[in-house]
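Peer 1: This is the structure I have questions about; it appears just below.
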Amino acid sequence: MKRNILPLIGMVAGILLIFASISVNSNIMSFVDAPSLIITLVGSFCALLISFPFNTLKKVPALLKKLMFTPEDDLKGLIDRITELARKSRTEGILSIESEIEELNNPLLIHGLEMVVDGTDIDTIENILNIELDQMEDRHSIGHEVFLKWGEYAPAFGMIGTLIGLIAMLGDLQDPSLIGSGMATALITTFYGSFLANLIFLPIAKNLEVQTANELKANEMIVEGVLALQRGDNPRVIEQKLSSYLSQKEKQGKDEKEDLEVAEELTR
Amino acid sequence: MKRNILPLIGMVAGILLIFASISVNSNIMSFVDAPSLIITLVGSFCALLISFPFNTLKKVPALLKKLMFTPEDDLKGLIDRITELARKSRTEGILSIESEIEELNNPLLIHGLEMVVDGTDIDTIENILNIELDQMEDRHSIGHEVFLKWGEYAPAFGMIGTLIGLIAMLGDLQDPSLIGSGMATALITTFYGSFLANLIFLPIAKNLEVQTANELKANEMIVEGVLALQRGDNPRVIEQKLSSYLSQKEKQGKDEKEDLEVAEELTR
Amino acid sequence: MKRNILPLIGMVAGILLIFASISVNSNIMSFVDAPSLIITLVGSFCALLISFPFNTLKKVPALLKKLMFTPEDDLKGLIDRITELARKSRTEGILSIESEIEELNNPLLIHGLEMVVDGTDIDTIENILNIELDQMEDRHSIGHEVFLKWGEYAPAFGMIGTLIGLIAMLGDLQDPSLIGSGMATALITTFYGSFLANLIFLPIAKNLEVQTANELKANEMIVEGVLALQRGDNPRVIEQKLSSYLSQKEKQGKDEKEDLEVAEELTR
Amino acid sequence: MKRNILPLIGMVAGILLIFASISVNSNIMSFVDAPSLIITLVGSFCALLISFPFNTLKKVPALLKKLMFTPEDDLKGLIDRITELARKSRTEGILSIESEIEELNNPLLIHGLEMVVDGTDIDTIENILNIELDQMEDRHSIGHEVFLKWGEYAPAFGMIGTLIGLIAMLGDLQDPSLIGSGMATALITTFYGSFLANLIFLPIAKNLEVQTANELKANEMIVEGVLALQRGDNPRVIEQKLSSYLSQKEKQGKDEKEDLEVAEELTR
Amino acid sequence: MKRNILPLIGMVAGILLIFASISVNSNIMSFVDAPSLIITLVGSFCALLISFPFNTLKKVPALLKKLMFTPEDDLKGLIDRITELARKSRTEGILSIESEIEELNNPLLIHGLEMVVDGTDIDTIENILNIELDQMEDRHSIGHEVFLKWGEYAPAFGMIGTLIGLIAMLGDLQDPSLIGSGMATALITTFYGSFLANLIFLPIAKNLEVQTANELKANEMIVEGVLALQRGDNPRVIEQKLSSYLSQKEKQGKDEKEDLEVAEELTR
């Protein structure tokens, strides 16, 4: 697990920016309105309760954790590990890797290698790993889907709040000098909806989507590696094959890590 | 069948929220306008009558029932059942499972096993089950499609109502002091359209879509299981293969069930 | 051919509803404006003339007829027929069905069976029928595409008309008391565009889309049936295979037909 | 090549309609504003220059010619030709068709037959023709893509122009009586953007898309024909197979041609 | 690498056009507002920081370079090169091309040929090159995705800025004569958002998308070429096969190059 504070930085910076923009133009308190926040945030959450089964929504908090702690998808390390296991299995026999499996921490790789050691035939292994891949993708795409929907419902409920405010104000217009402040209050829900959607929900949805795609890539590589190991492919060929999942830069490895360290320093 | 009151809770809470929001700003009665509701709700329903054949629309109420009563897609139970049948069929012969078929309640599983017992060849079984899967998916996606369209037509008819109100008001503007209340009335249809779409139709559409996807997953697992049983695969391999449809947590089983009980209590 | 008056009912009811809504708020005549209708309806039709070749547009009226007369896609009857032919061909030889082909009325089925009787090999038959299926789908999806585009252009031309009205009014604003009626006139084209799109064009497009999907399903079943017959499959297996295209309810048959009669009575 | 003046008619009629609509409401000259046209048309063209490489944009004028001159995709004629060649090749040997190839004018057909005469093996021919098909589709879809983008940028630049006009007017509001004419001028760019997109760019994009789809259909038929000829299929089977690309009506042929002549007369 | 100044020209011309349009209507300085620019540009960038992992965003500047320096995807030159190598490998043996590989500069071609020289079997080569192709496409589509998202967030943050301005102005409306200038200021963020999206972010996104598609085409051709060379295909057949990736015009070659020179002159 790697701490990833960039999304937090983005969120805090975006919120501060909006606060600053408000305080330049007006007074923060005139933008704080609990009923407006409730109709936008809770109203759109009610729509989510209807849209997704409880079983699905329940998984969201766990998926959200990925926003802050990216699984260290150290592809290069994984490739080295698999190649090493393939080498050992070739020289000392497939059973020799049994003890090493326990030290691994990727569940797909563990399951795959266990089946190899158990002597499961290759078609069954491929079939099972591919189903697991599909199911994992389905489960992980839930976080993306839920936040995408929330990002659609929030502005809609913002508009519903604004319509309520407008209709109320226009229907009871004794003092025309109050139109301005009535409109201002009515527009606050639209502001909340737009703000929640574009700074919170939609970016989180995209982040989870990108992460799921990255995990899928790592998992496809693992499946390829387990199958090659089961076939008893030449370790050098396995390494070459799995390395095609890396970019030119990642293949060289070192600069990449240094880049990351610099980047982490910058984002601290 | 499992009672699922979450969507109902979401809908009721959302409606109460909007009522509360109205009564804070204004008076509920000024938001109740039968003609406005009729043009938004009935108008968009007329568009649905044109869009879908009667045969299709007729099936919607039955599909809607799924919103409240989720079929208990107890994947783990299904897997145990299929594995047990595979074991029996291996030791006592395929005909021994004939009597057990009647006790099952999943129609796809029943049909598949009947064909296995009848000695239908595997390609025909696979072909037939896959066609049934496709047809089932087509039929079940109807609910999703109809509500999605309703969720598109409702705001459109809300806007048509608002345009009618605006044109009527603007075209006969003798007393400018009435502009406000005229606009308020005109905007009510937009409010109804937005409310119906975002709290009722679109969330229902998404709910039915998610449920259809879940059923499809269960059905794919059943097809895989029936075919493995027909081929006479090793029951342990069958169990392993079908278990790849479960998440890590579901495989452990217990905590999941407890979670569900807690969840049901919370939603009571 | 089965008369299907539901779309007509939907359209008439929707139009009456809008008329009623207008007459409650205002006077019908103030919503009738020939130039506004022309720019919305004819303008969007001009855009259609550019968008589609004449060959394509020419086919639309014929496809539109399907809106009122649904081809009686009596899947159950078709299945019975094909099974019966398979039985005859098995007992009396393939040539015995030649005379029965003339009595059929589904062109795809006729063509397929003719090729079977002619002794065309199965790969060629499959190839030809699949090409015909694809071409049929392409041709039938034209109606859907044309009305979908019309449903996009109509509101766009409605907005163009409103912009013209607004610019004309605002550019020559000698008497401010005329702003209201100017705006009212300007908005009429937006109203027409929204009305034509959401009550006429888009619902028709969806209807044709659903019908094409249903035909495709029937045609896929026919191809499956013809190929099974050519292979000389067991008639019982053919029936079983084709029946997987039916829902549980359709398989029982009777209730379905009664349902339909009730439905037809309701819609008379 | 067949002259196709329908798109021109649609465009001219649409423009006249809009002119008429303007002159009914106002004075044409108040809608003519060179700076507004420049920001909408040239501004959106600048966005195109960034969006597509010059190599791509350069091909657009040639593709645009297709709007007025539809390649005579006389499928029936092509089928007759291919069948005839297949017959000749069967009776007189494959080399006998060499002299006839020069008289053809479809480049894909020519290339395919040349390879057949050269004795290229069938897999290579299929591979090459399929790559050519894909590349042709890619190249021809460029026209569609460029005009689709232009149809998206034009209204966006129309709105940018309107925003500039509005901000300028509102920021310097000494004489409130000028608001009207200021708004009118500001809205003209929105009008231009909407007009260019919906009467010119988007319909042209759709037209090119439909034509590319039609060409693709003809080319798929040619590939099928060349391969059948190479395999030495029975000419009667070839004719039957290729005819499945035609509709029922096209198969009868004559009425279709007469229809076209009538249509051409109508559109003259 | 080929300098490609067209996007720069488009961007500069578009910006000048907007400047000109502003100075015709008003005064440039009244459109310059640092806080408005910050909330639109930095706010939408904060949303990007949440949406994409740092690893992804980090690659954007490098991908952006492609906007100005198009890799010289001289397909015709590549084809000639591969054909020549195939000829040499046929006459002098596969090892003879080893020395020539170093002179190439396409990494995919180099890697492919190295594997051929190493005697890697054809299935492994195909597998590895296809994975590399997929990974390359994934990596290169990042630039497109990031700018597409930025083009969505920028107008959203423009609208958030406008809402803040409007609410602030309407909530504190002591001097009605200031409404105009308040609105003007509020609208500036909408203007910035629209301008940044439609002249900068979305066109760049499209440009990167088109370039990735072109590279993919070149890379597919290279894979096809390497595999043909490994199989020891006839060099004439290889040339013919690879040439199907070219358009008619590109096959003739010369005019194309001259065209490009003229084009480059024009865009200088």
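The values are calculated or read from the model by the stated rules, or taken from the named source; none is laboratory data. This one's a predicted model, so the numbers in the text were calculated from it and none came from an experiment. Heads up, the Cβs are rebuilt from the backbone with ideal geometry, glycines too, and the neighbour counts pull from every protein chain shown. Side chains included, ligands, DNA and RNA excluded: accessible areas come from the protein's heavy atoms. Shrake-Rupley method; radii C 1.70, N 1.55, O 1.52, S 1.80 Å.
Peer 1: Tell me the residue from A:Thr70, A:Thr83 that is of a type in the set (S, T, N, Q) and modelled with pLDDT under 85, please. Spell out how you get there, then give the answer.
Peer 2: Values: A:Thr83 fails: modelled with pLDDT under 85.
Residue meeting the stated conditions: A:Thr70.
Peer 1: Of C:Leu41, C:Leu64, C:Leu85, which residue is within 14 Å of chain D (Cβ to nearest Cβ) and not polar (S, T, N, Q)? Give the derivation first.
Peer 2: Numbers: C:Leu64 fails: within 14 Å of chain D (Cβ to nearest Cβ); C:Leu85 fails: within 14 Å of chain D (Cβ to nearest Cβ).
Exactly one residue qualifies, and that residue is C:Leu41.
Peer 1: State the number of residues belonging to segment D:1-31 that are among the hydrophobic types (A, V, I, L, M, F, W, C), under 23 Å from C:Val42 (Cβ atoms) and part of a loop (DSSP other than H, G, I, E, B). Please lay out each step first, then the result.
Peer 2: Within segment D:1-31, the subset among the hydrophobic types (A, V, I, L, M, F, W, C) is D:1, D:5-6, D:8-9, D:11-13, D:15-20, D:22, D:24, D:28-29, D:31.
Next, from what is left, pick out any that are under 23 Å from C:Val42 (Cβ atoms): D:5-6, D:8-9, D:11-13, D:15-20, D:22, D:24, D:28, D:31.
Still in the list and also part of a loop (DSSP other than H, G, I, E, B): D:5.
Of the residues in that region, 1 qualify.
Peer 1: In addition: Mind checking whether some residue in segment E:95-108 is within 11 Å of another protein chain (Cβ to nearest Cβ) and touching a residue at least 12 places away in the same chain (Cβ under 8 Å)?
Peer 2: Looking only at segment E:95-108, we keep the residues that are within 11 Å of another protein chain (Cβ to nearest Cβ), and these are E:107-108.
From what's left, touching a residue at least 12 places away in the same chain (Cβ under 8 Å): E:108.
Within segment E:95-108, one or more residues are within 11 Å of another protein chain (Cβ to nearest Cβ) and touching a residue at least 12 places away in the same chain (Cβ under 8 Å).
Peer 1: E:Leu202 is checked against (1) under 21 Å from E:Pro35 (Cα atoms); (2) more than 14 Å from chain A (Cβ to nearest Cβ) and fails just one. What number does that condition carry?
Peer 2: Tallying (1) under 21 Å from E:Pro35 (Cα atoms); (2) more than 14 Å from chain A (Cβ to nearest Cβ), E:Leu202 fails exactly one: (1).
Peer 1: Going by the structure shown, is D:Ile79 in contact (Cβ under 8 Å) with a residue 60 or more places away in the chain and over 24 Å from E:Val237 (Cβ atoms)? Talk me through it step by step, then tell me what you get.
Peer 2: Values: in contact (Cβ under 8 Å) with a residue 60 or more places away in the chain: yes; over 24 Å from E:Val237 (Cβ atoms): yes.
In short, yes.
Peer 1: Let me ask you something else. Looking at segment B:178-192, which of the residues that are among the polar types (S, T, N, Q) and within 7 Å of another protein chain (Cβ to nearest Cβ) is nearest to the chain's Cα centre (by Cα)?
Peer 2: At the first step, the residues of segment B:178-192 found to be among the polar types (S, T, N, Q) are B:181, B:185, B:189-190.
The next check asks that each one be within 7 Å of another protein chain (Cβ to nearest Cβ); those that pass are B:181, B:190.
On the way: B:Ser181: 40, B:Thr190: 27 Å.
Ranking the qualifying residues of segment B:178-192, first place goes to B:Thr190.
Peer 1: Which residues, taken from segment C:229-246, are aliphatic (A, V, I, L, M), within 11 Å of another protein chain (Cβ to nearest Cβ) and under 21 Å from C:Thr91 (Cβ atoms)? Walk me through it before giving the result.
Peer 2: As a first pass, look at segment C:229-246 and keep what is aliphatic (A, V, I, L, M): C:229, C:237-238, C:242, C:246.
Among the residues that remain, those that are also within 11 Å of another protein chain (Cβ to nearest Cβ) are: C:237-238, C:242, C:246.
Within segment C:229-246, C:Val237, C:Ile238, C:Leu242 qualify.
Peer 1: Quick test of your reading of the structure: C:Gly119 fulfils all but one of (1) out of contact with any Pro (no Cβ under 8 Å at 6 or more places or on another chain); (2) on the phi < 0 side of the Ramachandran plot. Name the failing condition by number.
Peer 2: It is condition (2) that C:Gly119 fails.
Peer 1: Taking only segment D:32-61 into account, find how many residues are in a helix (DSSP H, G or I) and open to solvent by less than 50 Å² (accessible area, probe 1.4 Å).
Peer 2: Within segment D:32-61, the subset in a helix (DSSP H, G or I) is D:34-51, D:54-57, D:60-61.
Subset that is open to solvent by less than 50 Å² (accessible area, probe 1.4 Å): D:36, D:39-40, D:43-44, D:46-51, D:56-57, D:60.
Result for segment D:32-61: 14.
Peer 1: In the list E:Val210, E:Val226, which residue meets the criterion of being more than 9 Å from chain D (Cβ to nearest Cβ) and either under 15 Å from E:Ile79 (Cβ atoms) or among the β-branched types (Val, Ile, Thr) (or both)? Steps first, please.
Peer 2: Values: E:Val210 fails: more than 9 Å from chain D (Cβ to nearest Cβ).
Criteria check complete, one pass: E:Val226.
Peer 1: Testing A:Asp175 on (1) closer than 30 Å to B:Leu216 by Cβ; (2) over 12 Å from the mean Cα position of the chain (by Cα); (3) acidic (Asp, Glu), one condition comes back false. Which one is that?
Peer 2: If we test A:Asp175 against (1) closer than 30 Å to B:Leu216 by Cβ; (2) over 12 Å from the mean Cα position of the chain (by Cα); (3) acidic (Asp, Glu), just (1) comes out false.
Peer 1: Of the residues in segment E:203-244, how many are farther than 21 Å from E:Arg139 by Cβ and part of a helix (DSSP H, G or I)? If you could, list the steps in order and put the result at the bottom.
Peer 2: Going through segment E:203-244, the residues farther than 21 Å from E:Arg139 by Cβ turn out to be E:203, E:224-225, E:227-244.
This time we only want the ones that are part of a helix (DSSP H, G or I), so: E:203, E:224-225, E:227-231, E:235-243.
Looking only at that region, the number is 17.
Peer 1: Among the residues of segment E:154-168 satisfying the criterion of being open to solvent by less than 30 Å² (accessible area, probe 1.4 Å) and farther than 20 Å from E:Leu49 by Cβ, which is farthest from the other protein chains (Cβ to nearest Cβ)?
Peer 2: Quick first cut of segment E:154-168, residues open to solvent by less than 30 Å² (accessible area, probe 1.4 Å) only: E:154, E:156-158, E:160-165, E:167-168.
Among the residues that remain, those that are also farther than 20 Å from E:Leu49 by Cβ are: E:162-165, E:167-168.
Details: E:Thr162: 10, E:Leu163: 4, E:Ile164: 5, E:Gly165: 6, E:Ile167: 5, E:Ala168: 3 Å.
Per the stated criteria, the residue is E:Thr162.
Peer 1: Provide a single number: the residues in segment B:14-65 that are among the polar types (S, T, N, Q), within 24 Å of the chain's Cα centre (by Cα) and at pLDDT 90 or above.
Peer 2: At the first step, the residues of segment B:14-65 found to be among the polar types (S, T, N, Q) are B:21, B:23, B:25-27, B:30, B:36, B:40, B:44, B:51, B:55-56.
From the residues that got through so far, the ones that are within 24 Å of the chain's Cα centre (by Cα) too are B:40, B:44, B:51, B:55-56.
Those still in the list that are at pLDDT 90 or above too: B:40, B:44, B:51.
Qualifying residue count for the region: 3.
Peer 1: If you check C:Gly151 against the conditions, is it touching a helix residue (DSSP H, G or I) at 6+ places or on another chain (Cβ under 9 Å), over 16 Å from D:Ala184 (Cα atoms) and surrounded by fewer than 24 Cβ atoms within 10 Å (Cβ to Cβ)? Write out each step before concluding.
Peer 2: Numbers: touching a helix residue (DSSP H, G or I) at 6+ places or on another chain (Cβ under 9 Å): yes; over 16 Å from D:Ala184 (Cα atoms): yes; surrounded by fewer than 24 Cβ atoms within 10 Å (Cβ to Cβ): yes.
So C:Gly151 fits the description; yes.
Peer 1: Could I ask something else about it? Can you find, within segment C:160-209, the residue that is modelled with the highest pLDDT among those that are out of contact with any helix residue (DSSP H, G or I) (no Cβ under 6 Å at 6 or more places or on another chain) and more than 25 Å from C:Pro7 (Cα to Cα)?
Peer 2: Applying the filter and picking the extreme gives C:Ile179.
Peer 1: Okay, moving on. Go through the residues of segment D:146-163 one by one and say whether even a single one is of a type in the set (Ser, Thr, Tyr) and in contact (Cβ under 8 Å) with a residue 24 or more places away in the chain. Lay out the reasoning, then the answer.
Peer 2: Looking only at segment D:146-163, we keep the residues that are of a type in the set (Ser, Thr, Tyr), and these are D:153, D:162.
Still in the list and also in contact (Cβ under 8 Å) with a residue 24 or more places away in the chain: D:153, D:162.
Looking through segment D:146-163, at least one residue is of a type in the set (Ser, Thr, Tyr) and in contact (Cβ under 8 Å) with a residue 24 or more places away in the chain.
Peer 1: For segment A:6-14, indicate whether the set of residues that are within 13 Å of chain B (Cβ to nearest Cβ) and open to solvent by 60 Å² or more (accessible area, probe 1.4 Å) is non-empty. Walk me through it before giving the result.
Peer 2: Here is the first cut: in segment A:6-14, the ones within 13 Å of chain B (Cβ to nearest Cβ) are none.
Scanning segment A:6-14 turns up no residue that is within 13 Å of chain B (Cβ to nearest Cβ) and open to solvent by 60 Å² or more (accessible area, probe 1.4 Å).
Peer 1: Scan (1) in a loop (DSSP other than H, G, I, E, B); (2) facing another protein chain (nearest Cβ under 7 Å) for the single condition A:Gln174 breaks and write down its number.
Peer 2: Evaluating A:Gln174 over (1) in a loop (DSSP other than H, G, I, E, B); (2) facing another protein chain (nearest Cβ under 7 Å) leaves (2) as the failure.
Peer 1: Answer yes or no as to whether B:Phe195 is open to solvent by 30 Å² or more (accessible area, probe 1.4 Å), under 33 Å from the mean Cα position of the chain (by Cα) and of a type in the set (Phe, Trp, Tyr).
Peer 2: Working: open to solvent by 30 Å² or more (accessible area, probe 1.4 Å): yes; under 33 Å from the mean Cα position of the chain (by Cα): yes; of a type in the set (Phe, Trp, Tyr): yes.
Criteria met by B:Phe195.
Peer 1: Take A:Arg268 and decide whether it is more than 8 Å from chain E (Cβ to nearest Cβ) and at pLDDT 85 or above.
Peer 2: Values: more than 8 Å from chain E (Cβ to nearest Cβ): yes; at pLDDT 85 or above: no.
No; evaluated as a whole, the condition is false for this residue.
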